[in-house]
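To start, the structure itself, in C-alpha cells.
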Amino acid sequence: MSRYELSLSNDTFNSKLKKAMERVKVVLHAAKAPCYAADVHHQYQDKYCLAECMTNAAIASQINCLASLGLGAEQLRQLVAWAQESAVSLQFRSHEACQYDREETRDVESPTKHVTEASVAGTLRAALTSKVVTSVTEHFWKYSFAYEIYAIRAVGASDSDRLLFLSRTGGVELKSTSKQSVPSYLPTAELDVNITWLVKTLSSESLQPGFKINRMHPKCATPRRNPDAECAFQHFSCFREWALEVSQCLQGSFNLPHHAELGLRMDALSTESIFVPVLPLLEDVLGSNSAPPQESSAESVDTSVSASGVLARLQPGTLPLDSTVLSIADVNLLLGEEARSLQAKHASLESSFPGGESVGTAAEAVLVVTLRHCLCVCAQWEQALDHIEDMLRNQLVAAIGKEVSAADFAEYMRFHNRKLFSEAYAPMPFSFAVRRSEHHSPEGLLSIEESVVGLGGDSNIAQPIVTMAAHSSRPRPMTFPISASTQVTFAGERYLHGWLQHQFSGQSGAHLSLIARAKQFSSMLVLVGRISSATSFDPKYAAIVQNKDELTIPLDLSTIPTPKEFKDAISSLSPEQQSFAKAFRSMQLESTLFGILIIQIKPQLERVLNLPENSLTKEIKLTQDLMQLFIKYQIPSDLLSYDPNAAHQASKGSEGAELVGEAPAAERLEAVRGHVKGMQGMLEQAKKEELEQVRMEADFLNPFFHPQSERIESEREDCFQSFDLMVMAAAPVSAYSAMSKSMEEDCRSLDDCFQMPMAGAAPPMRPVQQQEQQQQQQQQQQQQHQQQQQQQQ
C-alpha cells in the first residue's frame with residue numbers, strides 16, 4: 001500500500017472512530033473517561049491487552065450476528081464439540097427455478113378519443129366517437145427460489161454432519177411480453193467459509209471467547225505481528241469475503257420487476273446506524289471524575305447483558321488490575337448496544353420491505369444487512385489492529401526523533417562495534433591506499449562505497465562499507481590465467497573481508513560501487529573476479545587506472561538460500577535431484593567469493609626491464625614513455641629491457657677488458673632510455689612513411705588537386721576584396737581605372753609567383769575561376785564605357 005493510500009485509510013478510520021466515540025460516551029457510565037489509545041499514558045502490555053480485547057469483541061460480534069439469523073446456543077455448543085476433532089464451515093446454498101405458466105391476451109384501450117362531427121348546411125347532424133384498442137399478449141412465469149445456510153463438519157458427507165440454522169423459500173409470478181426465458185435474479189451458488197478458528201476460541205460451557213496472544217512465542221514481535229494475530233487475520237479476511245459474496249448474491253432478489261412498482265428504497269440496506277463494538281479505546285483513569293459503580297459479582301454483568309439478547313460476551317476477570325483497557329463490563333455494554341441497534345435495524349427493515357412468501361422480502365433484507373454488518377466488523381478489526389501497530393511505530397519515531405533507515409541502523413552498528421570490539425579486532429572501512437611500502441607515497445586508492453537509495457538524510461552520502469577483515473602478509477601463492485596457455489603467479493599481502501548488509505523490508509537498500517582512484521603520474525592494474533579455489537583467481541574484468549583516473553564499477557548483489565532454507569527445499573525431492581542440488585550449491589559456495597587483485601605497474605616494469613628496485617620511482621617521463629610503448633604500440637618488453645650479456649660484449653669489445661659484477665643502476669637506466677629513444681625514433685620514421693604513403697595514394701586518386709593552387713586562389717580572392725573596398729571609398733574615375741589595372745597586374749604576378757611547373761598541359765580552369773574571370777571582363781567593359789561617356793560630356 002502506498003503512503004497516499006495508507007494516509008487515506010487512516011483518515012477514514014479516524015473519522016469512524018470519532019463518530020463512534022460520541023456513541024460510546026452515551027452508552028457507558030458518566031464516570032468513565034474513554035479516550036483514544038494514543039492520548040492515554042499506558043504500558044506496553046496494555047497494547048497486547050487491547051488487541052486481545054478487540055479480538056474477543058469481534059468474535060462475540062460475529063457469534064451474535066449469527067445468533068440473530070437463527071443460530072441457537074445448543075447448536076453453537078455442537079459446533080464447538082465438532083471443532084475439537086474436525087473442521088467446521090458455514091455453507092450458503094441458493095438455487096432458483098422459473099417455469100412457464102400460461103399465456104393471456106387482453107385489450108388495452110387508448111386513453112385518447114377521436115370525435116368526428118357530421119353537419120348538413122352548416123347544421124350539426126351527428127357526432128362519431130372512436131378510440132384505439134390494442135390487443136396485448138402476455139406470458140406468465142412461475143418463479144421460485146430457495147437458499148439455506150448450513151454449519152457442516154468436515155465435508156458434510158452425512159446428514160449428521162450438517163446443521164441447518166437458516167432456510168428460506170419463496171416464489172412470485174413474473175410477466176413478460178415474449179416467450180423467451182426471464183433473466184436470472186438469484187443465481188445458483190454454493191459458498192463455503194471455514195470457521196474452525198472462530199469456534200475453537202469459544203468456551204464449551206459459557207460460549208465466551210478466550211483469544212490470547214502467546215507473548216513467549218519466538219515469532220511474537222508486536223501485538224500485530226505474531227502467529228496468533230496472523231491466524232485471526234486469516235479468519236476475518238476469509239469471513240469478510242464470504243459475507244460479501246453472499247450479500248451480492250442476495251442483492252439480485254431486489255431487482256425483480258414488481259419491486260419497482262412497490263417503490264422500495266434500497267438505501268434502507270445501509271449499516272451506518274448499527275454500532276460496531278471493536279474500538280481501540282483506553283480509559284483515562286486520571287481524567288475520570290469519580291469512581292464508577294463496581295459490580296458485585298460476575299452475575300450482575302451476565303444478567304444485564306443477557307437481558308439485551310446477547311449470546312456471546314466477554315468473560316469477566318481476564319484483564320490485569322492495573323490495565324488501562326476498558327473493563328470487561330464496559331465491553332459487554334458495547335456488545336449490548338450493538339445487539340440493540342441490530343434489532344432496531346431489523347425492525348425497520350420489516351416495516352420497509354414486504355413480507356410473506358414472495359421474493360426480495362424483509363427476510364432477505366435482514367440477511368443482507370446482517371452480513372454487511374459482519375463485513376464492517378471484520379474490516380474495522382483489521383484497521384484497529386493496524387492502528388495499534390502504527391501507534392507503536394509513531395511512538396518509537398517520536399522517541400528517536402527520526403525515521404530510522406537501513407543506513408542509520410548500519411551507523412548505529414558501527415557505533416556499537418566501537419564499544420564491543422577492541423581496536424585490533426574492530427571492523428574497518430573498506431578503503432585501502434595502494435603503495436609499494438611505508439616509505440613510498442600512495443599511488444592510488446581502492447574502496448567499496450555504498451549509497452542509500454531513497455530517504456535517508458545524511459546517509460545518502462556515499463561512504464566505504466565497514467567489514468570484518470583478516471590480514472596475511474605471507475600467504476600461499478595464487479595464479480590467474482591471462483590466456484588458455486599462460487598463467488600468472490602472484491603473492492603479496494592478502495585480506496579476507498566479511499560484510500553484513502542491513503536492509504529493511506519494503507526498502508531497496510543500498511547500491512554498492514567499487515571505486516579505484518589513481519594519482520597523477522601513477523598507475524595500477526585492477527582485476528575483478530571470483531576466487532575459484534584456495535590457489536586460483538578467476539578474473540572477469542581488468543582495467544589500467546593511471547594519471548588521476550577514477551574507475552567506478554557498480555556491484556550487483558545476489559543472495560543464495562540459507563542452509564535451513566536449502567535443506568527444507570530439497571527435503572521432498574528425489575535422491576537424484578537432491579544430489580544435483582547439493583553439487584550445484586557447492587559450486588555456488590566455492591565460486592561466489594568476490595575477489596579484487598591490485599597489481600602495481602612500476603615494480604613490474606622494473607622487473608621486466610631488468611632494472612634495480614625503485615629505479616623508476618622518479619623517472620616520470622621515462623615511465624610514461626614506457627607505458628605508451630607497451631599499451632598503445634604493443635612493443636615487446638625484450639626490445640626495451642636491459643640486456644646484461646649485450647652490455648658485457650660491448651664493454652669487452654670496446655676497451656679490451658672484461659666487466660666483472662653487475663652494472664650500476666645509472667648505466668642500466670641509460671641503456672633502457674636509449675632503447676626507448678631508439679624505438680620512438682623508429683616509430684616517428686614509420687609515422688612519416690605512413691603519412692607519405694597516404695599522401696601518395698591521395699595524389700594518385702586525385703591527380704589534378706594541389707594544395708598550393710588553393711593558396712593561390714585565396715590570395716586572388718584577397719586581392720579582389722581589397723579592390724572592392726577601395727571602390728566603396730568613392731575615388732575619382734581616373735584613379736579607379738588606374739587602381740584596377742594595378743590590382744590586376746598584382747594578381748597576375750601572384751599567379752606567376754605561385755605557379756608550379758607541371759609536366760604536360762596546364763590543369764583546366766575550374767568553373768568558379770571561369771565565373772570570376774567573366775565578371776572581371778564585364779566590370780572592365782562597363783568602366784571603359786563610363787569613361788567614354790564622361791569624356792564626351
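The values are calculated or read from the model by the stated rules, or taken from the named source; none is laboratory data. This one's a predicted model, so the numbers in the text were calculated from it and none came from an experiment. Every residue, glycine among them, receives a Cβ derived from its backbone with ideal geometry; neighbour counts consider all protein chains shown. When the accessible area is computed, the model is the full protein with side chains, heavy atoms only, and any ligands, DNA or RNA have been set aside. Shrake-Rupley method; radii C 1.70, N 1.55, O 1.52, S 1.80 Å.
Assorted remarks:
- Taking all protein chains together and a 1.4 Å probe, the residues L500, L282 rank L500, L282 from largest to smallest accessible area.
- Each residue was assigned an accessible area with a 1.4 Å probe, and for D322 the value is about 130 Å².
- Cβ crowding within 10 Å averaged over residues, with 25-32, 214-221 ranked highest first: 25-32, 214-221
- Of the residues T188, Y150, V136, the one whose Cα sits farthest toward the positive end of the charge dipole of the range 125-215, with +1 on the Cβ of Lys and Arg and -1 on the Cβ of Asp and Glu, is V136.
- Of the residues E550, E85, the one with the largest accessible area comes first in the ranking E85, E550, computed with a 1.4 Å probe on protein heavy atoms.
- Protection proxy ranking of 683-694, 426-437, 382-393, by the mean of other Cβ atoms within 10 Å over each peptide's residues and highest first, is 382-393, 426-437, 683-694.
- Largest to smallest accessible area among F239, F233, F594 [probe 1.4 Å]: F594, F233, F239
- Residues whose placed amide H lies under 5 Å from that of V325, excluding near-sequence neighbours: E283
- Across the range 321-393, the fraction of Cα-Cα pairs farther apart than 15 Å, rounded to a whole number, is 70%.
- For the range 127-241, alpha-carbon Rg relative to the globular expectation (2.2 N^0.38 Å, N residues): 2.02
- Rg/Rh ratio calculated on Cα atoms of the range 321-450 (Kirkwood radius): 1.44
- In sequence order, the range 318-327 has phi-based couplings of 9, 9, x, 5, 8, 7, 8, 5, 4, 5 Hz under the Karplus curve 6.51 cos²θ - 1.76 cosθ + 1.60, θ = phi - 60°, and Gly or Pro positions carry x.
- Student exercise, the range 440-590 dipole from Lys, Arg, Asp, Glu Cβ charges, in Debye to nearest 20: 420 debye
- Potential extension, T617-A484 segment - 0.36 nm per residue separation minus Cα distance: 44.5 nm
- Here T177 sits with roughly 120 square angstrom of accessible surface, probe radius 1.4 Å.
- log10 of Debye I(q)/I(0), alpha-carbon scatterers only, for the range 491-543 at 0.14, 0.21, 0.24 Å⁻¹: -0.65, -1.07, -1.16
- Only Lys, Arg (+1) and Asp, Glu (-1) charged, at Cβ; the range 36-166 dipole about Cα centre in debye: 380 debye
- Annotation: amide H-H contacts under 5 Å for I635 (H modelled 1.01 Å from N, sequence separation of 5 or more, or interchain): F630.
- Hull shadow area, averaged, the range 439-572 [alpha-carbon convex hull, nm²]: 12.8 nm²
- At the residue level, R153 shows approximately 70 square angstrom of accessible surface with a 1.4 angstrom probe and all protein chains present.
- Cα-based equivalent ellipsoid of the range 190-284: semi-axis lengths in Å, sorted from largest, via gyration tensor: 37, 18, 14
- Bins of 10 Å, starting at 0 and running to the largest distance - Cα pair percent for the range 151-206: 14, 32, 24, 16, 10, 3
- Building the convex hull from the alpha-carbon atoms of the range 547-591 and averaging its projection over directions returns 4.7 nm².
- The calculated Kirkwood hydrodynamic radius for the range 516-660 is 20.0 Å, given to one decimal from all distinct C-alpha pairs.
- Distance between the 7 Å Cα→Cβ label points at S572 and A157: 2.4 nm.
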